[in-house]
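The values are calculated or read from the model by the stated rules, or taken from the named source; none is laboratory data. As the structure is a prediction and not an experimental result, all values here were calculated from the model. Cβ: placed from backbone, ideal geometry, glycine included. Neighbour counts: every protein chain shown. Side chains are part of the model used for accessible areas, which takes the heavy atoms of the whole protein and leaves out ligands, DNA and RNA. Shrake-Rupley method; radii C 1.70, N 1.55, O 1.52, S 1.80 Å.
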Amino acid sequence: MTAINLTFEEMWEKIMACDQKYDGLFFTAVKTTKIYCRPSCRSRKPKKVNVDFYFDINEVENAGYRACKRCQPEVEYSPNIELVRNVISYLVNHTGSPLVLKDIADHAGLSPYYLERMFKQETGDTPRTYLEKIRVDKAAHLLMSTDQTNLEIGYEAGFQSPSNFYRVFRLLKGCSPSEYRKKVEGGFQ
């Protein structure tokens, strides 16, 4: 499986939000308890300084961490899970590229129809919807951590047009990118 291109801060945001979309792509290891979890684990959140992130389950276990009993990150739920993780890694690593279902299916070595059906069965989303969620997550991170314009952020997150960026962002976050930035600046700082 391919490592994903997320910064420490982005992964931290995913675990604070208990984001299930990133389960299996990385693991959160807590130095003080020597336990590792999925990003979606609902257990009490550790201090940021006590966290390490690993991309491979063998690597985290070889580092001396044991699996969380609550989220059971070592348990595979489906025979297709590795294929789905591979596709999700591809989506995360190619957020800035204009992707079509055929590109994703070619990467996975499947027909577009079968990929879409299997992916939706495993995740509840089509690859396109999943990619839009990843792009909106990226845009939300950039809105909080940079002073780039909304237009620049939309393009950097991988949206091909400003109207699509604003439409999808509003659909998933319930507000415009500008309103989101104001909420974050007013509520957290």
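Things to note:
- Inter-residue pairs, beta-carbon under 7 Å, first farther than 19 Å from residue 97 by Cβ and in the range 138-166, second outside any helix (DSSP H, G or I), 6+ apart: 166/176
- Residue 123 in contact (Cβ under 8 Å) with a residue 60 or more places away in the chain and open to solvent by 40 Å² or more (accessible area, probe 1.4 Å): yes
- Residue 24 satisfies every condition listed in (1) at pLDDT 90 or above; (2) at positive phi except (1).
- Looking only at the range 10-59, and only at residues there that are of a type in the set (Asp, Glu) and under 12 Å from the mean Cα position of the chain (by Cα), the one that is surrounded by the fewest Cβ atoms within 10 Å (Cβ to Cβ): 19
- Checking the range 131-141 against the condition returns a match, with at least one residue being open to solvent by 40 Å² or more (accessible area, probe 1.4 Å) and either within 19 Å of residue 14 (Cα to Cα) or under 16 Å from the mean Cα position of the chain (by Cα) (or both).
- Scanning the range 61-77 for residues being over 16 Å from residue 43 (Cβ atoms) and either touching a residue at least 40 places away in the same chain (Cβ under 8 Å) or assigned to a helix (DSSP H, G or I) (or both) gives a total of 2.
- Index of the failed condition, residue 113 passing every other in (1) aromatic (Phe, Trp, Tyr); (2) free of Cβ contacts under 8 Å to residues at least 12 places away in the same chain; (3) surrounded by 13 or more Cβ atoms within 10 Å (Cβ to Cβ): (3)
- Residue match in the range 84-91 (condition: surrounded by 12 or more Cβ atoms within 10 Å (Cβ to Cβ), in contact (Cβ under 8 Å) with a residue 12 or more places away in the chain and either outside any helix (DSSP H, G or I) or more than 19 Å from the chain's Cα centre (by Cα) (or both)): no
- Within this structure, residue 101 passes the test of being more than 18 Å from the chain's Cα centre (by Cα) and more than 21 Å from residue 10 (Cα to Cα).
- Given (1) assigned to a helix (DSSP H, G or I); (2) modelled with pLDDT of 90 or more; (3) not basic (Lys, Arg), number of the condition residue 52 does not satisfy: (1)
- Taken together, the residues in the range 60-83 that are loosely packed, with under 12 Cβ neighbours inside 10 Å and modelled with pLDDT of 90 or more amount to 2.
- Any chance residue 138 is more than 19 Å from residue 6 (Cα to Cα) and basic (Lys, Arg): no
- Of all residues making up the range 151-189, the number that are open to solvent by 20 Å² or more (accessible area, probe 1.4 Å) and in a helix (DSSP H, G or I): 23
- Some residue of the range 134-147 being at pLDDT below 95 and farther than 22 Å from residue 93 by Cα: yes
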